[in-house]
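All remarks here apply to the structure that follows.
The values are calculated or read from the model by the stated rules, or taken from the named source; none is laboratory data. Computed from a predicted structure; not experimentally measured. Neighbour counts run over all protein chains shown; Cβ positions are idealised from the backbone, glycine included. Just the protein is used for accessible areas: all its heavy atoms, side chains included, with ligands, DNA and RNA removed. Shrake-Rupley method; radii C 1.70, N 1.55, O 1.52, S 1.80 Å.
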Amino acid sequence: MQNINIGDIYEVYIDNMAHEGQGVGRLDGIAVFVKGALKGEKVLAQIDEKHKNYLNAHVEKILLPSQERIMPKCIYAGKCGGCTLQHLSYKGQLEFKKQVVDDSLSRIGKINTIVYDTIGMDNPLYYRDKAEYPVGIEDGNIKSGFYASKSHNIIAIDSCMIQSDYSIEAMKTVREWANNYKITVYDKKTGKGLLRHVITKIGFATKEVMVIVVVNGKNIPHKKELVSRLKRNIENVKSVVLNVNKNYGNQVMGNENIVIYGHEYITDFIGDKKFEISPLSFFQVNPVQTKVLYEKALEYADLKGDETVFDVYCGIGTISIFFAEHARKVYGIEVIPDAVEDARRNAAINGVDNTEFIAGKAEDVMKDLCNKGLKPDVVVFDPPRKGLDKDVVEASIKMNPEKIIYVSCNPTTLARDLRIFEDNGYKIKKVQPVDMFPYTYHVETVVLMSRKEDK
Ligand SMILES: C[S@@+](CC[C@H](N)C(=O)[O-])C[C@H]1O[C@@H](n2cnc3c(N)ncnc32)[C@H](O)[C@@H]1O
């Protein structure tokens, strides 16, 4: 290690892949993470960073390519921080995601179980229903696109292989308008300037489009012109919203929304269930695979019709509403009040009358429901990346449901949480990765756990 210096080039055999998609090999017995390398490859890697126990490097030359290596289809591959697996075949991506889940469960969770093959998409392109484009300025020109990997440098883009055409067109329209009317761009250092982000939400089934312009203020000049350009360029613009974000720091959206055209929300379907989506509410970003994910969760719940179900971290109530017709009662718990309002409205729209949505932190609400003596038969978790709060785990174990279904977007926190359930009377029965994010390293997993005394 002492003789290895930044800038040095070494031949490395890649025998594994890290969870963010780098190839992993060894130099002097030290792990080296090689950006752009794939499992089974021999590469020349240039050292970028030296850490106490590992090295970071990038591929200089591929000496022996993997059979799963492909030419990236996207012209921004390698620059844009979005799709980091552009050089890996789709089959290879699905295998990689299964391996990431498997490694996390065994290494972090010390869990010995079978992980099923990742369920992929028939058409893994143009699948996203939401995009967030940061806006910046370069040589006096306004640019928008995506951040480069692990930085806030904006890579300006004009196309994207995972976003819908409506979304790209909306982003370009706002950019052109901003350049034409010399709209000021927010500068993090000074806190001055208006335009921060452009966000789009698309109803895949309905084709409805919402454009959210995030501004450091409560108003923006030339709004009429913005709306008329958006209406002219994109069919089915249903909503144009100014989101007020005067916060310093990296938070993308503020809490206040001002509708400057159309409705406060757009609608979309998952299966035959209709959902209204507002600017701040969380909605899964891949509607095609969301249906696959929820159907798997429903299959694992194996409801007979008389169960009480808790949908913890319920967002706008999608899982609750999906499960409701198969259960006696579903309680949804969610921290964002707007999302809870959406959930109630969504239940009504779908004629569902056996759901109850509770606004609050899952850790507080679960404790409260436990103290009140509620006994769910099935608990579904779908937490953010940081996983379950320990109070949520504790309350759930006390409530002693027959089944727990854990939907996770982060194998690391999933493994940590599963270990606690295994130590407290639950057995992990099924682990199913689902590919919600093709061409990125992210993976979603559905896990079925049952009480140990239950067969
Ligand atoms: C991964 S999303 C899942 C949403 C929903 N189940 C779905 O499939 O669309 C996680 C949700 O947890 C909510 N959330 C985050 N922290 C929370 C907390 N401490 N208590 C309750 N909800 C929380 C977020 O607002 C978000 O809606």
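Residues whose amide H comes within less than 5 Å of that of Tyr331, counting only those at least five positions distant or on another chain, are Val309, Phe310, Asp311, Glu356 (H built at 1.01 Å from N in the peptide plane).
Taking Cα centre as origin and charging only the Cβ of basic (Lys, Arg, +1) and acidic (Asp, Glu, -1) residues, the dipole magnitude of segment 286-326 rounds to 180 debye. Rolling a 1.4 angstrom probe over the protein heavy atoms with all chains in place gives segment 1-68 an accessible area of 57 Å² per residue.
Applying the Karplus relation 6.51 cos²θ - 1.76 cosθ + 1.60 with θ = phi - 60° to segment 336-349 yields 3J(HN,Hα) values of 8, x, 4, 5, 5, 4, 4, 4, 5, 5, 5, 4, 4, 4 Hz, where x marks Gly and Pro. Think of the chain as having a plus end and a minus end, set by charges on the Cβ of Lys, Arg, Asp and Glu; of Gln284, Asn141, Gly317, Asn141 sits farthest toward the positive end of this dipole. Hydrodynamic analysis of the chain uses the Kirkwood radius over alpha carbon pairs. Inserted into Stokes-Einstein at 37 °C and 0.692 mPa s, it gives a translational diffusion coefficient of 138 µm²/s.
Could you look at segment 66-155 and say what percent of its accessible area is carbon and sulfur, using a 1.4 Å probe and all protein chains?
Values: 2430 of 4720 Å².
Taking all protein chains in place, segment 66-155 shows 51 percent carbon and sulfur surface.
Residues whose amide H lies under 5 Å from that of Asn16, counting only those 5 or more places away or on a different chain, are Val24, Gly40; hydrogens are built 1.01 Å from N in the peptide plane.
On full extension, the segment bounded by Ile336 and Asn219 gains 39.6 nm, given 0.36 nm per residue less the C-alpha separation. Under a model in which nothing but the beta-carbon of Lys, Arg (+1) and Asp, Glu (-1) is charged, segment 213-277 shows a dipole of about 280 debye around its Cα centre. For segment 241-332, applying the loop criterion from DSSP together with a ceiling of 10 other beta carbons within 10 Å to the chymotrypsin sites (Phe, Trp or Tyr not before Pro) yields Tyr248.
Backbone phi angles across segment 10-27, fed through the Karplus curve with coefficients 6.51, -1.76 and 1.60 (θ = phi - 60°), yield HN-Hα couplings of 10, 7, 10, 8, 9, 10, 7, 10, 7, 5, 8, x, 6, x, 10, x, 9, 9 Hz in residue order; Gly and Pro are listed as x. Between Lys192 and Asp15, residue separation times 0.36 nm minus the direct Cα-Cα distance comes to 58.9 nm. Over the residues of the chain, the helix contribution to mean residue ellipticity at 222 nm works out to -8000 deg cm²/dmol, using -39500 (n - 2.57) for each DSSP H run of at least 4.
Annotation: amide H of Glu256 within the under-5 Å range of Val244, sequence separation 5 or more or interchain, hydrogens built in the peptide plane.
Along the axis of the charge dipole computed for the chain (Cβ charges of +1 for Lys and Arg, -1 for Asp and Glu, origin at the Cα centre), the listed residues Val447, Gly92, Gln163 are led at the positive end by Gln163.
When you filter the trypsin sites (Lys or Arg not before Pro) in segment 158-201 for DSSP loop state and at most 16 other Cβ atoms inside 10 Å of their Cβ, you are left with Lys182, Lys188, Lys189, Lys192. In order along segment 273-280, the Karplus-derived 3J(HN,Hα) couplings, from 6.51 cos²θ - 1.76 cosθ + 1.60 at θ = phi - 60°, round to 9, 9, 10, 9, 10, 9, x, 8 Hz, and Gly and Pro are given as x. Within the set Lys274/Lys304; Lys304/Lys452; Lys188/Lys390; Lys98/Lys296; Lys50/Lys98, which residue pairs have Cα atoms separated by over 25 Å? Cα-Cα > 25 Å for Lys188/Lys390; Lys50/Lys98; rest within. The charge dipole of the chain, taken about its Cα centre with unit charges on the Cβ atoms of Lys, Arg (+1), Asp and Glu (-1) only, comes to about 860 debye.
Given the chain, what percent of its DSSP beta bridges are antiparallel, to the nearest 5? Within the chain, antiparallel bridges account for around 65 percent of the total. For the chain, the relative contact order is 12 percent, taking Cα pairs closer than 8 Å that sit 6 or more residues apart in sequence and dividing their mean separation by the residue count. Every Cα-Cα pair of segment 1-68 was included, and the share exceeding 16 Å stands at 34 percent. The fraction of all Cα pairs in segment 252-367 landing in successive 5 Å bins from 0 to the largest distance is 2, 12, 21, 23, 21, 12, 5, 2, 1, 0, given as whole percents.
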